[in-house]
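What follows draws every value from the coordinates through simple rules; no lab data is involved. Worth saying up front: this structure is predicted, and the values here are computed from it rather than measured. For neighbour counting, all protein chains shown are included, and Cβ atoms are generated from backbone atoms with ideal geometry for every residue, glycine included.
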Amino acid sequence: MNVLIIEDSPLLLNSFRSSVLKEYPQSRIFEVDTIEECAPILRDNPFKLLILDINVSDGHDMDTVASIRNLYPKLPILVYLAEEYVYLAHFIQSGANGFISKKSTANEIQDALTTVSAGNRYLSGDVQEFLLMQLVPKGGQPTLSRTERIVAQMLADNKSYDQVASVLGVKRSTIAVYKRRVFHKLGVKNMLEFFKKMLSVY
């Protein structure tokens, strides 16, 4: 499978390359320093995944990312943030599929690669936490309790009831109760609405 990495840091480039090859050993990896440089490569090669570090020189150019999405609507885009969460909503609106950061664990990066390359959405734990914290009302009291936030984060990350129950040390049926509480507090009926609710704070 072809993977395009837009990265100008040799250290991060090596890390991304290693992660991709660990997950997909037969991958053909293309590397460029800027978003602008990727246009002819995208035109001439079919890609299964694009990894973008928004810290490259033109990495904050939302119009360029949106234009890539318009030209290649099925191309999965995984965005790497350092701690620039302020740009998160813009990249979601521009069509990015997943987000990792410098706080992401090795397992999260591997999960992100497989999830996003399959065409699904992915948010690393710290990105989920940031989005969930945007749901805190101005009065300062959290909409969700700490346990409810953990349940919400794990369910949003496609973890099963059994996996969530194992982490919290509770029965599987208890997770269903927490999920109902989360949905009720946020005024949503399913996970798609929950994801949209997180984005609506922007």
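Can you list the lysines whose alpha carbon is less than 24 Å from that of Lys179, not counting same-chain residues fewer than 8 positions off?
Counting by Cα, and skipping residues close in sequence, Lys179 has these lysines nearby: Lys138, Lys159, Lys171, Lys189, Lys196, Lys197.
So what is the calculated 222 nm ellipticity per residue for the chain, using -39500 (n - 2.57) for each DSSP H run with n of 4 or more, over all residues, to the nearest 500 deg cm²/dmol? Could you put the intermediate results ahead of the total?
On the way: 10 runs with 103 residues, N = 202.
After summing the helix terms and dividing by residue count, I get -15000 deg cm²/dmol.
If you take every residue apart from Glu108 with its C-beta less than 10 Å away from the C-beta of Glu108, what net charge results, scoring Lys and Arg +1 and Asp and Glu -1?
Computed value for this residue: -2.
Which whole-number percentage describes the relative contact order of the chain, with Cα contacts under 8 Å and a sequence gap of 6 or more?
It rounds to 14 percent for the chain.
Would you please give the residues with an amide H less than 5 Å from that of Asn2, counting only those at least 5 places away or on a separate chain, with H modeled from the backbone geometry?
Amide H neighbours of Asn2: Arg28, Lys48.
Measure off 7 Å from each Cα along the Cα-to-Cβ vector at Asp8 and Asn107, then give the distance between these two points in nanometres to one decimal.
3.5
Working out 0.36 nm times the residue gap between His184 and Ala118, then minus their Cα-Cα distance, what length gain in nm do you get to one decimal?
Taking His184 through Ala118 to full extension adds about 20.7 nm, to one decimal.
At 7 Å along the Cα-to-beta-carbon direction for both Asp33 and Val170, put a label point, then send me their distance in nm to one decimal.
5.2
Report ³J(HN,Hα) in whole Hz for each residue of region 62-76, in order, from the Karplus equation J = 6.51 cos²θ - 1.76 cosθ + 1.60 where θ = phi - 60°; Gly and Pro get x.
Working through the residues one at a time gives 5, 5, 5, 4, 5, 5, 4, 4, 5, 6, 10, x, 9, 6, x Hz.
At R0 = 35 Å, how high is the FRET efficiency between His60 and Ser160 if r is their beta carbon distance? Nearest 0.05 is fine.
Efficiency, rounded to the nearest 0.05: 0.45.
Between Glu31 and residues 5 or more places away or on another chain, which pairs have amide H atoms under 5 Å apart, with H built 1.01 Å from N, and which residues are they?
Ile5
Send over the semi-axes of region 1-103's equivalent ellipsoid, whole angstrom and largest first, taken as the square roots of 5 times the C-alpha gyration tensor eigenvalues.
So the three semi-axes of region 1-103 are 19, 17, 12 Å.
Would you mind checking which residues have amide H under 5 Å from Phe99's amide H? H placed 1.01 Å from N; only 5 or more apart, or other chain.
The list, which skips near neighbours in sequence, is Val79, Tyr122, Leu123, Ser124.
For the chain, rounded, prolate or oblate, judged on the Cα gyration tensor with a ≥ b ≥ c (square roots of eigenvalues), a/c < 1.5 rounded, else prolate if a/b > b/c? Could the numbers behind the result be given before it?
Working: a/c = 2.23, a/b = 1.72, b/c = 1.29.
Verdict is prolate for the chain.
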